[in-house]
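Please read the structure below before turning to the comments.
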Amino acid sequence: MHTPPLEEGWQGALSNTVSSPEELLDLLELEHSLLPDAIKADKQFALKIPRAFVSRMEKGNPYDPLLLQVLPLGKELMEVPGYSLDPLGEHAQTPRNGVIHKYHGRLLLITSGACAVNCRFCFRRHFPYEDNQLGGDNWNSALEYIASDHSIKEVILSGGDPLAANDKRLARLVTALSEIPHVETLRIHTRLPLVIPQRITQEMIDWFTGSRLKPVMVIHCNHANEIDHSVETALAKLRQAGVVLLNQTVLLKGINDTTDSLVNLSHKLFQSSVMPYYLHVLDRVQGAAHFDIDEDRAVQLIKAMMIQCPGYLVPKLVREIAGNTSKTPITL
Ligand code: SF4
C-alpha cells in the first residue's frame with residue numbers, strides 16, 4: 001500500500017487525495033463490479049479520501065470499516081421517506097452567513113466549506129456551503145453577532161472541516177474571538193487529525209493554544225482502525241499542548257455496530273488520551289439511510305458497553321432532533 005511521504009506536508013496531502021472511484025478500487029485491489037454504482041453516487045457527492053486514510057484499509061476487503069465510510073454506493077441514490085436534505089433544520093438557524101446558532105451559550109462558525117474526506121453518512125452532505133461561509137477574512141458580521149450576545153461562552157469552529165483552512169487565517173480568527181470578553185472556550189470539530197495527521201503542525205498548535213481561550217478538540221472517529229501510529233503522534237502533540245481531546249462517533253451499520261467494535265474504539269481512544277463523548281445515532285440525511293440502525297439496537301450496544309467498560313469509556317447515546325435545545329439523550 002502506498003504510504004504518503006511525510007515531507008509532502010498537510011497541504012500537499014490535502015490537494016493529492018484519491019478522488020476517482022477507479023483509482024480507489026485499484027489501490028485496494030477490489031473488483032470493478034463496484035465501479036458503475038460508485039461513479040453514479042460520486043456525481044452526487046464526490047469521492048474524496050486522503051491517501052493516509054486509504055493506507056489503513058485492508059486490500060481486497062470490500063467490507064473494510066474505513067472503506068465503507070467513504071466508498072460511494074448506488075444505495076445513496078435511493079430516496080427513502082424520512083430522510084431529508086437538511087435533517088437538523090440548520091438552514092433556518094443561520095442568523096448571519098457562516099453562523100449556526102442552535103443552542104444556548106455556544107454557536108458554530110462554518111469556518112471552511114471544504115473537508116479533507118467526504119464521508120458518505122455526512123449530515124451536511126447537502127449543506128449550501130457556498131451561501132454560508134465566513135467569506136475570505138471578512139468575519140465582521142459573525143464577530144459582531146458573537147460580541148452582541150453575552151450568553152455565548154463557547155465558539156465552535158465547524159465546517160466542512162475548519163482545519164482545512166490555512167493557519168494564518170485561523171490565527172487571525174482566534175485572535176479576534178479572544179478579544180470578545182465573554183467568549184471563554186474555543187472548540188474545533190475535525191476529522192483532519194485522523195485522515196491527515198500531518199495537519200497538526202506547531203503553527204496550528206500555537207494559534208489554537210496560544211490565546212486566553214480554553215482549547216477543546218472533538219475528533220470524529222468511528223472505528224479503532226482509524227488510529228495508527230501517525231494519528232497517535234498527532235494526538236499526543238495536542239494533548240501535551242494542553243488541548244482537551246474528545247471524540248464523537250456516528251453509529252453506522254456494517255462499520256461499528258457491534259459491541260467489540262465500540263469497546264475497541266473506546267480503549268484505543270483512551271490510549272491516545274481522547275475521551276469518548278457522544279455516540280450519535282445517524283442524522284437522517286438523504287443518501288445515508290443504509291447506514292441507519294434502529295434505536296433498540298443502539299440501546300443494546302450501549303448496555304453491553306456498560307458491562308465491558310468503565311463508565312468513563314461509555315459515550316452518551318444521543319440523537320439530534322431539529323429544533324430541540326440540546327442533543328437528545330436516548331433513554332436506556
Ligand atoms: S463535515 Fe465531517 S462528516 Fe461531513 S464530510 Fe466533512 S469530515 Fe466527513
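The values are calculated or read from the model by the stated rules, or taken from the named source; none is laboratory data. The model shown is predicted, which means the values in this text are computed figures rather than measured ones. Reconstructed Cβ throughout: ideal geometry from the backbone, glycine too, with neighbour counts over all protein chains shown. Keep in mind that these areas ignore ligands, DNA and RNA; they rest on the heavy atoms of the full protein, side chains included. Shrake-Rupley method; radii C 1.70, N 1.55, O 1.52, S 1.80 Å.
Here are the numbers for the structure shown:
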{"quantity": "Accessible-area ranking of PHE45, PHE270, PHE208, largest first, probe 1.4 Å", "calculated": "PHE270, PHE45, PHE208"}
{"quantity": "Residues of the range 6-77: accessible area per residue with a 1.4 Å probe, Å²", "calculated": "47"}
{"quantity": "Crossing angle, helix 295-308 versus the chain [Cα axis fit, 0-90 degrees, rounded to tens]", "calculated": "80"}
{"quantity": "Stretchable slack from LYS40 to GLN240, in nm (0.36 nm times residue separation minus alpha-carbon distance)", "calculated": "67.6 nm"}
{"quantity": "Accessible area, probe 1.4 Å, largest first, for residues MET204, MET78, MET275", "calculated": "MET78, MET275, MET204"}
{"quantity": "Using alpha-carbon coordinates, inclination of helix 229-240 to the longest axis of the chain, degrees", "calculated": "20"}
{"quantity": "Cut-off 17 Å, label 7 Å out along Cα→Cβ of ASN16, residues of the range 143-177 by amide N", "calculated": "none"}
{"quantity": "Considering only the chain, percent of DSSP beta bridges that pair antiparallel, nearest 5", "calculated": "15"}
{"quantity": "Surface accessible to a 1.4 Å probe, per residue, for the residues of the range 90-329, Å²", "calculated": "38"}
{"quantity": "Relative contact order computed over the range 6-77 (Cα-Cα under 8 Å; 6+ residues apart), in percent", "calculated": "37"}
{"quantity": "Solvent-accessible area, 1.4 Å probe, carbon plus sulfur percent, for the chain", "calculated": "52"}
{"quantity": "Cross-link table LYS102/LYS303; LYS153/LYS214; LYS48/LYS214; LYS268/LYS316, entries beyond 21 Å C-alpha to C-alpha", "calculated": "LYS102/LYS303; LYS48/LYS214"}
{"quantity": "Rough spin-label spacing in nm, given labels placed 7 Å along Cα→Cβ, for ALA92 and THR201", "calculated": "4.2"}
{"quantity": "Relative contact order computed over the chain (Cα-Cα under 8 Å; 6+ residues apart), in percent", "calculated": "17"}
{"quantity": "Charge dipole magnitude, Cβ of K and R +1, D and E -1 - the range 90-329, Cα centre, debye nearest 20", "calculated": "240"}
{"quantity": "Environment charge of GLY82, counting only residues whose C-beta is closer than 14 Å and scoring Lys/Arg +1, Asp/Glu -1", "calculated": "-4"}
